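Okay, so here's the structure we're looking at.
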Amino acid sequence: MRADEKGLTVIEHLRRWWPLVALLALAFNLRPVAVAVGPVLEEISADIGLTGTTAGLLTSLPTICFASFGALAPTIARKLGDHLAIALALGVLILGQVGRLLAPSPVPFLLTSMVALAGMALANVLMPSLVRQHYPRRIGLATALYSFTLTVGVTTASVATVPVAHAMGGWRAALAVWVVAAAAALVAWLPLLRSRTKRRADAQSRVTLGQIARTRLGWALAVLFGIQSAQAYSIFGWLPSVYRSAGLDEVQAGLMLGIATGVGLVPAFAIPAYVARTRNPTVLFLVIMAFLVAGYTGLLLAPSSAPWLWAIFLALGTASFPLLLALFGTRARTPTATAALSGFSQSVGYVIATLGPLSFGVLHSVTGGWTAPIALQLCLVAPMLLAGLYACRPVLVEDELGA
C-alpha cells in the first residue's frame, strides 16, 4: 500500500470513529456535575451554610434543569445544528462548574450549579439522536458504549470525590477535577464542528414535542423516565447520608454510593445491546423492578446489616436508565423523531423527577429519619411499572402519530 493510500485510510477511519470518541467523552461528563455533590454534601453544607431544605433543593436541581432546559434542546439543535449545540452545552457546563467553585454562599452556589446543569441538560437530550445520526446501523452498540461510559463517569464521581477532597484540601478541589474533564470533552468535540449542519426537515418528516405529547408512547416513556430519574437522583444525592446516619463513616458511605453506581457498569453496556435486538424487553424490565424493590426494602429495614448488598440491588434496580436510552433509539425511525421523543420524555419526565430528591430531603427534615422518604420511593414503583410495561411494547412513535 502506498503512503498516500495508507494516509487516506487513516483519515477515513478517523472520520468514521472520531464522532464516537467525542460522544463517549461527552457521555463521561453528563452526570459528575450532579453526582459529585452527594458524597461531600455535608462538607459543602457546613462550608457555605446549606440547610436541610436548601440541600434538598440542590439535589433537586438536576431534575429541575433537565425539565426546563432539556425542552429547549430540539429547538436549539434545529437553529444551530446538533454539533454546535453540543459545543454550546459543554461551554455552559464548564462556565457553571467554574462559577460554583468560587461561590461563597448558598445562593451563588445554587445559581452556578443551575448554569452547569443547563449545559448538561441540553447535551443529555441530544445524545440519542446523535447516536442515530452518526451510527444508524450500530444503534445498539453505540448506545451500549455511551451508556457504559456515562456510568463510568457516575461511578468515578461517586467513588473518587471524597478521596480527592482529602488529598487536595477540600470539596472545591475535588469538584475542580470535573472542570478539566469537561474541557477535554470540548476539545474532542471541536473537530465535529466542521461538519455542522442545521436540521432541515420538511413538513412530513418534522416531528414536534406537541405531536409527541399526543401519543401514548411519549407519555409512557415520560412517566417511566420521570420516576426512574426521581429514584436515581434521590440515590445519588441522599444514599451517602442514609448510610452515614446508619453508622458508616464518610469514606464507607461514599464507597456504598460507588457500588450503587459502579455495579451498573455491566447492565449499562449489556442492556442497550440486548434491547436493540429484542422487540419486547418486558421480562428484563420486570427483573430490574424486582431488584429496585429489594434494594429499597433492605435499606429501609436493615441499612447497616448488609449495606453493600442493598447498594448492589439498587444499582441493578436503576438499570432501567440504559433500558430507556435504548428505547429512545429503537422506538422511532428517524433522528428527528428520536430527538423529539427524547426531548419530550426527558423534559416532562424531569418535571416529575424534581419531586424525588426534593421530597426525600423535605421528608427527612420533617420526620428526622429516613423511613418516610424511602417508603415514598417504594410507592413510586407502581406507576413506574405500569408505564414501563407499555413502553416495552414493540411500537414506533411514528405509528402513533398517524393514529
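Using the alpha-carbon atoms, what tilt in degrees (0 to 90, nearest 10) does helix 171-189 show relative to the longest principal axis of the chain?
Orientation of helix 171-189: about 10 degrees from the principal axis.
Indicate the gyration tensor shape class of region 58-110 (rounded, prolate or oblate), computed on the Cα atoms with a ≥ b ≥ c the square roots of the eigenvalues: a/c under 1.5 is rounded; otherwise a/b larger than b/c is prolate and the rest oblate.
Since a/c reaches 1.5 but b/c is at least a/b, the shape of region 58-110 is classed as oblate.
State whether region 16-90 is rounded, prolate or oblate according to the following rule on the C-alpha gyration tensor (a ≥ b ≥ c being the square roots of its eigenvalues): a/c under 1.5 gives rounded; otherwise a/b larger than b/c gives prolate, and the remaining case gives oblate.
oblate
For the chain, what's the relative contact order in percent, using C-alpha pairs closer than 8 Å and at least 6 residues apart?
Here the relative contact order equals 27 percent.
When only C-alpha pairs under 8 Å and at least 6 residues apart count, what is the relative contact order of region 134-254, in percent?
Once normalised by length, the contact order is 21 percent.
Over region 329-403, what is the relative contact order in whole percent, taking alpha-carbon pairs under 8 Å and six or more residues apart?
47 percent
With N set to the residue count of region 115-230, report its C-alpha Rg divided by 2.2 N^0.38 Å to two decimal places.
1.35
Take the chain, connect every pair of alpha-carbon atoms lying under 10 Å apart with a spring to form a Gaussian network, then pick out the residue of 210, 295, 153 with the largest mean-square fluctuation.
Ranking 210, 295, 153 by mean-square fluctuation puts 210 first.
Rounded to whole Hz and in sequence order, give me ³J(HN,Hα) for region 244-254 from the Karplus expression 6.51 cos²θ - 1.76 cosθ + 1.60, θ = phi - 60°, writing x for Gly and Pro.
With coefficients 6.51, -1.76 and 1.60, one gets 5, 5, 7, x, 7, 7, 5, 5, 5, 5, x Hz.
With θ set to phi - 60° and the Karplus curve 6.51 cos²θ - 1.76 cosθ + 1.60, what are the ³J(HN,Hα) couplings of region 342-353 in order, to the nearest whole Hz, using x for Gly and Pro?
Taking θ as phi minus 60°, the curve returns 5, x, 5, 4, 6, 5, 5, x, 6, 4, 5, 5 Hz for region 342-353.
How tilted is helix 106-134 with respect to the longest principal axis of the chain? Cα atoms for both, answer in degrees (0 to 90, nearest 10).
Once rounded, one gets 40 degrees.
Have a look at 374, 48, 312 and tell me which one the Gaussian network model of the chain (Cα, springs below 10 Å) gives the largest fluctuation.
Highest fluctuation of the listed residues: 48.
Using a Gaussian network model on the chain with a 10 Å cutoff between Cα atoms, which of 46, 232, 183 fluctuates the most?
Of 46, 232, 183, the most mobile in the Gaussian network model is 46.
Under the classification rounded if a/c is under 1.5, otherwise prolate if a/b is larger than b/c and oblate if not, where does region 254-356 fall, given a ≥ b ≥ c as square roots of the Cα gyration tensor eigenvalues?
Cα axes put region 254-356 in the prolate bin.
Can you tell me the 0 to 90 degree angle between the C-alpha axis of helix 355-367 and the longest principal axis of the chain, rounded to 10?
The answer is roughly 0 degrees.
Of the chain, which part is the longest with no trypsin sites (Lys or Arg not before Pro) in a loop (DSSP not H, G, I, E, B) and with at most 13 other C-beta atoms within 10 angstrom?
The reported range is 3-136.
Read-outs: derived from the displayed coordinates by stated rules, not from any lab. Quantities reported herein were computed from a predicted structural model and do not represent experimental measurements. Methodologically, a virtual Cβ is constructed for each residue, glycine included, from the backbone with ideal geometry; neighbour enumeration extends over all protein chains shown.
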